[in-house]
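Throughout, read-outs are computed from the coordinates displayed, never taken from laboratory work. Model, not experiment: these values are computed from the prediction. Backbone-built Cβ (ideal geometry, glycine too); neighbour counts: all protein chains shown.
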Amino acid sequence: MTKEELKLRLQQERYVCSDELVTTLYVSLLLGRPLLIEGAAGVGKTEIAKVMAKALDRELVRLQCYEGLDESKALYEWNYQKQLLSIQVNMGSRSSDELTRSLFSDEYLLERPLLKSIRSEQPVVLLIDEIDKADEEFEAFLLELLSEQQVTVPEIGTIRSRTTPFVVLTSNHARPLSEALRRRCAYLYIDYPDIDKEVAIIEAKLPEVNARLALQVAEAIHTLRENDQILKKPSIAETLDWVAALNALGMKELTAEGLRQTMGFVLKNNEDMEEAAHDEALFAGLS
């Protein structure tokens, strides 16, 4: 696949992307290099992994990170119930050593996302979402997978990747990531789109929407994001939700009354809604 072919496939999935982004994705894919994507919440980091899975016709394997995440949830776990049943059935017919060895085999191994991604017969897209929410210990645990394309299961040994997954890690800057992890990844930073790009995204995802409405919503979203008093900046997904809500109401343009009635589709807490209601710049030019 060439870079131009990848860009075309992304466009076919209605993904609006810059040449810089396509180049980074293409080279990371070509070299089998994990890609670390940073940026504020809602800028579309996770969407990149989703659209790459569609563009490459691969399964998306997702690991959602959180505080306290450990190997049993991310890599593997033993099927303890099946092991206990096997012990009860075979206790009298097999030696204890033979029975113990049999209990720690593939038959009793439960794959979690990381193990599934490297044992897959077909290459997958592995999304490690919000790695900054996991503990530093888990981040260190990931280094073997990111650098060697392998993992270690103590009872079995080293398991090497059958195919090379395209690994995407995302971070919202909840905490600093280690230099060791950064060195193993290609890097991409994504910011909120400007007005023109936001309009292009709306037109790509919701082609039935009136052009004037798309521009007015993009401008309103830009105003909300520039307001320092807005705690939760509207995401691209919320932009699309808002446009869809306005379009469902049959609105061809954004009015002050329409904005007030549908604000709950773009702002998700009372403090932000009260601030927006008094933002003169937001209502400027609306009828």
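Listing for the model above:
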| read-out | value |
| --- | --- |
| Segments 116-123, 268-275 sorted - mean Cβ within 10 Å per residue, highest first | 116-123, 268-275 |
| Alpha-carbon Rg with Dmax, taken over the stretch 1-73, Å | 13.6, 41 |
| Scaled radius of gyration (Cα, divided by 2.2 N^0.38 Å) that the stretch 194-287 gives | 0.97 |
| Residues of type aspartates and glutamates that K3 reaches as a straight line, Cα spacing below 13 Å, ignoring anything fewer than 8 places off in the same chain | D19, E20 |
| Listed candidates (1) 29, 24, 21; (2) 39, 32, 16; (3) 45, 21, 18 - label of the one calculated as semi-axes √(5λ) of the Cα gyration tensor in Å | (3) |
| Check: the stretch 195-283 dipole with +1 on Lys, Arg Cβ and -1 on Asp, Glu Cβ, in debye | 320 |
| Order by protection proxy (mean Cβ within 10 Å, highest first), peptides 241-252, 181-192 | 241-252, 181-192 |
| Listed residue pairs exceeding 21 Å between alpha carbons, taken from K7/K233; K50/K205; K205/K252; K7/K116; K233/K268; K197/K233 | K7/K233; K7/K116 |
| Neighbourhood charge, 14 Å Cβ-Cβ cut-off, centred on I195 and excluding it, Lys, Arg +1 and Asp, Glu -1 | -4 |
| Fewest-first ranking of E20, E253, using other Cβ atoms within 10 Å as the exposure measure | E20, E253 |
| Antiparallel DSSP beta bridges within the chain, percent to nearest 5 | 30 |
| Sum of -39500 (n - 2.57) over DSSP H runs of 4+, divided by residues of the chain (222 nm, nearest 500) | -14000 deg cm²/dmol |
| Rounded to the nearest 20 debye, dipole of the chain from Cβ charges on Lys, Arg, Asp, Glu | 1040 |
